Amino acid sequence: MIQLEQLSIRRGGRVLFKDASMQLHPGWKIGLTGVNGAGKSTLFSALLGGIESDSGSLRRPAIWTVAHMAQEIEALDMKAIDFVLSGDEEYWRIQHQLDHPAELSDHELAELYSRFDEINGYSAPAKASQLMAGLGFFEHQSQLDVASFSGGWRMRLNLARTLMSRSDLLLLDEPTNHLDLDAILWLEDWLSAYPGTLVLISHDRDFLDAITDHILHIENQELTLYTGNYSTFETTRAERLAQHQQAFEKQQETRAHLQKFIDRFKAKATKARQAQSRIKQLERMQELAPAHVDTPFTFSFREPSKMSTPLLILDQADIGYETKLIVTNVQLQITPNSRIGLLGMNGAGKSTLIKSLVGDLPLLKGTRQASELLNIGYFAQHQMDALDGKASPMLQLSRIADKKISEATLRAFLGSFGFSGERMDTPSESFSGGERARLALALIVWRRPNVLILDEPTNHLDLDMRHALTMALQDFEGAVVLVSHERQLIASVCDELILVHGAQAKSFDGDLQDYAQWLRQARIELMKKGPETAVVQSLVVEKTVVSKVDKEAQRKEAARRREMSRPIRKNIEKYEAKITTLQQRLGQIEIALADSSIYDSQRKDELLKIMNEQTQLNTELKQIEEQMFELMIELEELESSFED
């Protein structure tokens, strides 16, 4: 097992964690969590034996084989299958020796063949092929040189090479960053069956939940070990925090408020969709909120300055590159209420479709109709790369802000994205991937877009920022088109799913669990058919015949209804904002009243003032809730009239 005894490590003069003592037992699957800079990578280095502690010790069995996913690939001139096979170092060494039998004696050859058989060397190529297939490679790609693959696919090769090792301890740092959802699901199954000890850094909570049985959390210079998966950790940690600041009670009040709405309207057919939305919101609170009580990120998307409907239309569009057709006959209309999640295997055309929506990629056929008021906020990897590395966040924001905006306002805005102190004035070329992603998002938010088009926006974000982004997107008043491998984000934000597959982009009838099952079955079928047949097979799609006239009429009617109900919805949102503000203040008052010193005789006046404020706020909260429910009933009656 791994033994930590009074372990303390500092880097750059800063203590990362101190006096940590615990045991990590063989076979455990441990999620290593903490904010960026807390020391996760440093602990990885310590487990690898690459750094020494300042005090205490970290010990692991000397006979253990440790596998760690490297961030760079050196052997670019190797075939991909050979690169993966080299991950089993003993197999690779023996195979190399057996390739030169003239240099060995008969006794040496006999020993090598015996050991080769013991380590299942004859089945190693098949294992390597299975790993590559699971991570999305086709059979013919195994014979290509590593140098021929893009950076993302090289990272997949690195992961396959790491998994090839017959390791006792496996260390994985963000293994899902360059994977699509089908590869992530395959990796979940593989890691769940892995017999050794796993230590995993990931910002994908669904991935952590599916694999881990322990969470090792770094916070406030302490290492704390929790039993259970990430959701269990969230709940346990929230309970600990609640003991000091009554955060749990405040959340219960919000949940009760949502439950009241659900109980009031869940039996109403006309309100079923809204009630289901509130039920989902309640579920998200249970899963997401507890571990983020003390999150440093609290931003929201600014209300779009102008809006029209529709905002963007692709009509009978063929998209691709010059003579290479990727997706054909795309029919897509984006209105202010669109919440679209794009699904599909890697290479199916999701990012290509997004580039055509943005206007970066000309259509091969068909038309792209954009409203004069269209204002796209586009997030993709190349947006991060396009940041001015020589300029600070403050300078880059001031370039796009109105000159009348005060510096204090700009700094407050950047602070909501986690930039504080000297980081606001530091050139961004020294920033981590997470910091660059946050800065790119901040610049997008400032421009007040009415359509957000996001291509894997969470790749470099930690859990706190992912949570903040999810909450902000839920409240965004414009349209959203999203590509993400993070299931929680898609489920929380998107109302409509579009599957890009077989050169088609069609509505997907089902939820993400249905899509996960579809992916597994599609992958099995593609692997059965082989690469050439798979390409042909992927072009066969189910035909859905819908009258274009009927669709247009439905869209216009839906837009008319939304416009009629918009004033009521706006007022409901205002009341909800007031309720949130009142509940936050009441939570602060409860914390103050929980302090025993407030009841000292010399603080009597202060106590009376606080209690009077509490009474007034509770009365105001009750009145606002009643007014909001009256508006909800009015909205219900209006929507009922639509059905008559």
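Which of the residues that make up region 322-342 are at pLDDT 90 or above and charged (D, E, K, R)?
Arg339
Okay, residues lined up against (1) farther than 23 Å from Tyr515 by Cα; (2) part of a loop (DSSP other than H, G, I, E, B); (3) among the hydroxyl-bearing types (Ser, Thr, Tyr):
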{"position": "Ser351", "(1), (2), (3)": "no, no, yes"}
{"position": "Ser356", "(1), (2), (3)": "yes, no, yes"}
{"position": "Leu363", "(1), (2), (3)": "yes, yes, no"}
{"position": "Gly377", "(1), (2), (3)": "yes, no, no"}
{"position": "Lys390", "(1), (2), (3)": "yes, yes, no"}
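Go through region 114-195 and tell me which helices (runs of 4 or more DSSP H), entirely inside it, have 3 or more residues that are among the basic types (Lys, Arg).
The helices (runs of 4 or more DSSP H) meeting that bar are 151-164.
Just checking, does region 232-241 include any residue being modelled with pLDDT under 65, among the hydrophobic types (A, V, I, L, M, F, W, C), crowded, with 17+ Cβ neighbours inside 10 Å and in a helix (DSSP H, G or I)?
No, there is no match, as no residue in region 232-241 is modelled with pLDDT under 65, among the hydrophobic types (A, V, I, L, M, F, W, C), crowded, with 17+ Cβ neighbours inside 10 Å and in a helix (DSSP H, G or I).
Taking only region 72-103 into account, find how many residues are assigned to a loop (DSSP other than H, G, I, E, B) and either exposed (fewer than 13 other Cβ atoms within 10 Å of the Cβ) or touching a His at 6+ places or on another chain (Cβ under 8 Å) (or both).
Total satisfying the criteria: 6.
Out of all the residues in region 11-64, which are of a type in the set (A, V, I, L, M, F, W, C) and under 18 Å from Phe233 (Cβ atoms)?
If the condition is that a residue be of a type in the set (A, V, I, L, M, F, W, C) and under 18 Å from Phe233 (Cβ atoms), then Phe17, Ala20, Met22, Leu24, Trp28, Ile30, Leu32, Val35, Ala38, Leu43 are the ones that fit.
Would you tally the residues in region 369-394 being surrounded by 15 or more Cβ atoms within 10 Å (Cβ to Cβ) and under 30 Å from the mean Cα position of the chain (by Cα)? Write out each step before concluding.
Taking region 369-394 and keeping what is surrounded by 15 or more Cβ atoms within 10 Å (Cβ to Cβ), we get 370-371, 374-381, 383-384, 387, 391-394.
From what's left, under 30 Å from the mean Cα position of the chain (by Cα): 370, 374-381, 383-384, 387, 391-394.
Residues meeting the conditions: 16.
Quick one: how many residues across region 73-97 are in contact (Cβ under 8 Å) with a residue 12 or more places away in the chain and within 35 Å of the chain's Cα centre (by Cα)?
15
In contact with a helix residue (DSSP H, G or I) (Cβ under 7 Å, 6 or more places away or on another chain), within 26 Å of Gly151 (Cα to Cα) and in the same structural domain as Ala442 (by TED's automatic domain parsing): does that describe Ser428?
yes
Looking at (1) surrounded by 13 or more Cβ atoms within 10 Å (Cβ to Cβ); (2) more than 28 Å from Thr176 (Cα to Cα), which is the only condition Val15 fails?
Evaluating Val15 over (1) surrounded by 13 or more Cβ atoms within 10 Å (Cβ to Cβ); (2) more than 28 Å from Thr176 (Cα to Cα) leaves (1) as the failure.
Would you point out which residue out of Leu439, Leu443 is crowded, with 22+ Cβ neighbours inside 10 Å and either at pLDDT 90 or above or under 23 Å from Ser202 (Cα atoms) (or both)? Before the answer, list the steps.
Numbers: Leu443 fails: crowded, with 22+ Cβ neighbours inside 10 Å.
Criteria check complete, one pass: Leu439.
The values are calculated or read from the model by the stated rules, or taken from the named source; none is laboratory data. Please read all numbers here as calculations on a predicted model, not as lab measurements. Quick reminder, even Gly has a Cβ in these numbers, built from the backbone with ideal geometry, and neighbours come from all protein chains shown.
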